[in-house]
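Some notes on the structure that comes next.
Derivation of every value follows stated rules applied to the coordinates shown; laboratory data play no part. Note that this is a predicted model, so its numbers are computed, not measured. Using ideal geometry, Cβ is built from the backbone for each residue, glycine included, and neighbour counts are taken over all protein chains shown.
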Amino acid sequence: MEEMAMVLKDQDLNQLVYNALSFGTAVMLGAFVYFLTQIKSVAKQYQSGVAVSAVVVGIAGYHYYRIWSGWAEGSVNEGYRYADWLITVPLLVIELLIVLGVTADKRKKLMTTLVPATVLMIGLGYPGETSTSDSTKWTFWILSMIPFLYILWTLNGELKAAGSRETGAVASSIKNATSVLLVTWLFYPIVYLFPVIFDPTDGIEATRQVGYTIADVTAKALYGVMILNIAKARSGDSH
Ligand code: RET
């Protein structure tokens, strides 16, 4: 297994990253329990959407625990983060499609293009993330941006269409989910570029770790709550 010594020399920054990773682990595991308790609170056809949310934060809780304990021992394996995204990002798309209210046929079509696109996006990001060469980082950033833009463009279109198809609580819950999705996903390619744009110092490495943690907590746990809200609104129970 590839282990990279990326421990920070600055003690305060080291502690900050340690705390952020611990916080990430706690939120993911807490959200896991919460989503499990909520599955039965929505109509049958949306229960799998909430179950997928639980699976996502459960997997992330495990990975954050591993990243956090690695950090505590003085080494970070970036593979955990990318393995986590590789499994959970397609699932985040799937949980959205379950509650979006598109026909089964349309959903199948969207899944067969969007799921491979997410895998491609994450797979292309990894060689750049683990490289220390700026030109390698840029190359894989550009390659990964192609599926990224395709996914955002497609999902944005579907969300807009669903938002205008629906009314009341369903429409507003879809709009909230859209904002969380677009804002959080845009964070990732920016955080990735931090060590390219700025001199890679301890401060930049800490920012990258904390930045990804905040983005992950929002893109999985808060977004999961948004998905639950859509499911509840669709089940005729908006509280
Ligand atoms: C990478 C590499 C650089 C270019 C792009 C990227 C996009 C990553 C994204 C990740 C989303 C992760 C989520 C995690 C949830 O917890 C791989 C950083 C475009 C969009 C939603």
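Quote the charge dipole size of the stretch 4-234 about the Cα centre in Debye, to the nearest 20; the model charges only the Cβ of Lys and Arg (+1) and of Asp and Glu (-1).
Working: 17 positive and 15 negative charges, 258 e Å.
With Lys and Arg at +1 and Asp and Glu at -1, about 1240 debye.
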Which order, highest average first, do 87-98, 170-181, 39-50 follow once you tally other Cβ atoms within 10 Å for each residue and take the mean per peptide?
87-98, 170-181, 39-50
Pop out the ³J(HN,Hα) list for the stretch 153-161 in order, Karplus 6.51 cos²θ - 1.76 cosθ + 1.60 with θ = phi - 60°, rounded to Hz; leave Gly and Pro as x.
5, 5, 5, 4, x, 5, 5, 4, 4
Note: the stretch 148-236 at 20 °C, 1.002 mPa s; Kirkwood Rh on alpha carbon pairs; Stokes-Einstein D in µm²/s works out to 148 µm²/s
If you add up the charges near Tyr46, with Lys and Arg at +1 and Asp and Glu at -1, over every other residue whose beta carbon is less than 9 angstrom from its beta carbon, what do you get?
+3
Highest mean first, how do 131-141, 62-72 rank when packing is the count of other Cβ atoms within 10 Å averaged over residues?
62-72, 131-141
For the chain, whose charge dipole is built from +1 on Lys and Arg Cβ atoms and -1 on Asp and Glu Cβ atoms, the candidate among Gln11, Ser133, Val191 with its Cα farthest towards the positive end is Val191
Relative to the chain, whose Cα atoms define the longest principal axis, helix 223-234 and its Cα axis are tilted in degrees, nearest 10, by 0 degrees
Nearest 10 degrees, 0 to 90: what angle lies between the long axis of helix 104-129 and the longest principal axis of the chain (Cα atoms)?
10 degrees
Label-point separation in nm, Gln15 to Leu222, each point 7 Å along Cα→Cβ:
2.7 nm
